[in-house]
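J.: My questions will all concern the structure given below.
The values are calculated or read from the model by the stated rules, or taken from the named source; none is laboratory data. From a predicted model like this one, the values you see are computed outputs, not experimental measurements. All Cβ positions, even for glycine, are placed from backbone atoms using ideal geometry, and neighbour counts span all protein chains on display. Note: areas computed on protein heavy atoms with side chains; ligands, DNA, RNA excluded. Shrake-Rupley method; radii C 1.70, N 1.55, O 1.52, S 1.80 Å.
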Amino acid sequence: MAKLTFDYEGYVALVTGAGRGLGFAIAKALRDAGATVAINDRTSDACDAAIARLGGGDRLIAAPADLSTADGPRHAVAQATSGGRLDFLINNAAVNVERSIEATDDVHWDTHLNVILRASFLTVQAALPLLKAGRGCIVNVASELGLHAIANNVAYVSAKHGLVAMTKAMAIELARDGVRANALCPGTMDTELMRDCATDSGDPEAYYTAFNRYHPVGRLASPDEIAAFVLCLLSPAAGFMTGSAVAIDGGSTAGRL
Amino acid sequence: MEFAGKTILITGSTRGIGAAAAELFLERGGSVILHGRSQAGVDAAVARLSAQYPDRVHGLAADLADRAHCRSLAQKVGALDILVNCGGIFRDAPIAETSLAIWDETIAVNVTASWVLSQELLPVLRQRRGAIVNVGSDAAMLGYASCVAYCASKGAIVGLTRALAIETAPHVRVLCVCPGPTDTDMMRQSVTTAPDEAQAQLQWASYTTLERVAAPREIGEAILMAASPRATFMTGSIIMADGGATAGKRV
């Protein structure tokens, strides 16, 4: 396969929710491309474990913080920017627990709205001076569910749609500062989160079959192929892209098979 | 009299778009429950309309920023055919100056209140094959500077609309009307606090293809169209009543 390579040596990135799944894949891809990467997850243990899995080294920074809280996002940014530089902010952290309308309680609603939407706002706000100084780049990891809906996921769908709209507002406000902001809208990926959802469903095999079929291409995405695209988005190759909501979803939002 | 025998709850209907929609529902036979934050405001709005439409105008006060108030509002509503989630706030501020309080209040009023009311009123709306009309904004589709929380909240309302539509079909239709800039107190407040008032007024109009802001009644008409029994095949629809703002722009 053709190989895209990027050289991010000297660049500093913060990836939220990087302990596992897509966040981990993005962090790994950035590290492999030479960047210094701050790994955020909820706990120090989760950050340390991810850093250990990546082999450690001085280009990996632990930035533990609970992004569902009001001060967690600022705390994550502070740890990531102790070197006084931030080029890439990747808001990837999310929660995704499927619930019917009836079963969606206040805690469930607030957790989704706060982790997915408010935290992404607050990290950008905290990182803004450094992003402006370095003409940096924001990638908000939304979802194909930021572009259309499924049942039993009302809080997640609302929050992800909000994230897409918020990304456009940020792109417009920051356009003349040279800071780009784009939303990435992946389809279903084969991540730990997906495996959790499959287990929760009670019939993992049927769950996987349904989601494979749901995507016109007939399979799930691998986190690595989404992460590779994030590296493209951050690069000068995407220098004219801002305010875009990029579907990378195996054709899911394009139509019906 | 296409809404005869129908009961409609419209949040944020003591003024602006909500008030215009309420008048239109009344003109076309509906019974309306007006809503506003203050009891005095609600009483005044009820008094103004009930002279012309006796027995068809009711009112309830509730603070949409407080979900306990939203739940208690829902409990006071009996039979209901149409819920119009129109109450909203707009606080403009650059990203750096958007306080946590602005963020939380904007999400609470513009998104969470609509969610809580929809959830609470779904049983009666299901039973009566009703409809929910959420009021979004062109800002759900178009980014604007200095209103990041508002844009996020209106994007979320589009998502809420779609998620509710998918999950409540075929019993309840759920739609979203997205107004462009409209001549309401909300917009006027933003204009009068701008450094250059005349320029701010022109700028709002310039966002649209029609090069003017909407009258509240024009948005009310779009809300009635969405809620109408003539729209039986429309659900999950995002209806742009934005003077062409999302259609494109001139160079």
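J.: Please go through segment A:165-190 and pick out each residue that is open to solvent by 10 Å² or more (accessible area, probe 1.4 Å), assigned to a helix (DSSP H, G or I) and aliphatic (A, V, I, L, M).
T.: Scanning segment A:165-190 gives A:Ile172, A:Ala175.
J.: Quickly run through segment B:197-231 and pick out the residues that are in a helix (DSSP H, G or I) and of a type in the set (A, V, I, L, M).
T.: Those that are in a helix (DSSP H, G or I) and of a type in the set (A, V, I, L, M): B:Ala198, B:Ala200, B:Leu202, B:Ala205, B:Ile219, B:Ala222, B:Ile223, B:Leu224, B:Met225, B:Ala226, B:Ala227, B:Ala231.
J.: What's the number of the condition A:Asn114 fails, among (1) out of contact with any Ser or Thr (no Cβ under 8 Å at 6 or more places or on another chain); (2) open to solvent by 10 Å² or more (accessible area, probe 1.4 Å)?
T.: That leaves (1) as the condition not met.
J.: Follow-up question, since we're still on this one. Looking only at segment B:106-133, how many residues end up being away from chain A (no Cβ under 11 Å) and surrounded by 17 or more Cβ atoms within 10 Å (Cβ to Cβ)?
T.: 10
J.: Another question, then. With respect to B:Tyr150, determine if the residue is at pLDDT 95 or above, of a type in the set (Phe, Trp, Tyr) and surrounded by 18 or more Cβ atoms within 10 Å (Cβ to Cβ).
T.: yes
J.: Here is a further query. If only one of B:Val111, B:Val124, B:Val158 is more than 19 Å from A:Asn152 (Cα to Cα) and out of contact with any Lys or Arg (no Cβ under 7 Å at 6 or more places or on another chain), which one is it?
T.: Every option except B:Val124 fails the conditions.
J.: Every residue in segment A:131-160 that is open to solvent by 10 Å² or more (accessible area, probe 1.4 Å) and at the interface with chain B (Cβ under 8 Å from one of its Cβ atoms), please.
T.: Answer for segment A:131-160, where residues must be open to solvent by 10 Å² or more (accessible area, probe 1.4 Å) and at the interface with chain B (Cβ under 8 Å from one of its Cβ atoms): A:Leu145, A:His148, A:Ala149, A:Ile150, A:Ala151, A:Asn152.
J.: Moving on. All but one of (1) open to solvent by 10 Å² or more (accessible area, probe 1.4 Å); (2) of a type outside the set (Asp, Glu); (3) touching a residue at least 60 places away in the same chain (Cβ under 8 Å); (4) more than 10 Å from chain B (Cβ to nearest Cβ) hold for A:Thr123; state the number of the condition that does not hold.
T.: Every condition holds for A:Thr123 apart from (1).
J.: What are the pairs, 6+ residues apart or on separate chains, where a residue within segment B:135-146 that is within 19 Å of A:Ala183 (Cα to Cα) and more than 9 Å from chain A (Cβ to nearest Cβ) has its Cβ under 7 Å from a residue that is modelled with pLDDT of 95 or more and open to solvent by 30 Å² or more (accessible area, probe 1.4 Å)?
T.: Between residues of segment B:135-146 that are within 19 Å of A:Ala183 (Cα to Cα) and more than 9 Å from chain A (Cβ to nearest Cβ) and residues that are modelled with pLDDT of 95 or more and open to solvent by 30 Å² or more (accessible area, probe 1.4 Å), the close pairs are B:Asp138/B:Met240; B:Asp138/B:Thr246.
J.: Hey, another quick one. If a residue has to be of a type in the set (Gly, Ala, Ser), within 14 Å of chain A (Cβ to nearest Cβ) and farther than 20 Å from B:Ala140 by Cα to count, how many in segment B:162-217 make the cut?
T.: Here the count works out to 1.
J.: Regarding A:Leu128, is this residue within 18 Å of A:Ala38 (Cβ to Cβ), at the interface with another protein chain (Cβ under 10 Å from one of its Cβ atoms) and touching a Pro at 6+ places or on another chain (Cβ under 6 Å)?
T.: No: the conditions fail for A:Leu128.
J.: Related question: Given B:Ile102, B:Ile89, which one is more than 8 Å from every other protein chain (Cβ to nearest Cβ) and assigned to a loop (DSSP other than H, G, I, E, B)?
T.: Sole residue among the options that is more than 8 Å from every other protein chain (Cβ to nearest Cβ) and assigned to a loop (DSSP other than H, G, I, E, B): B:Ile89.
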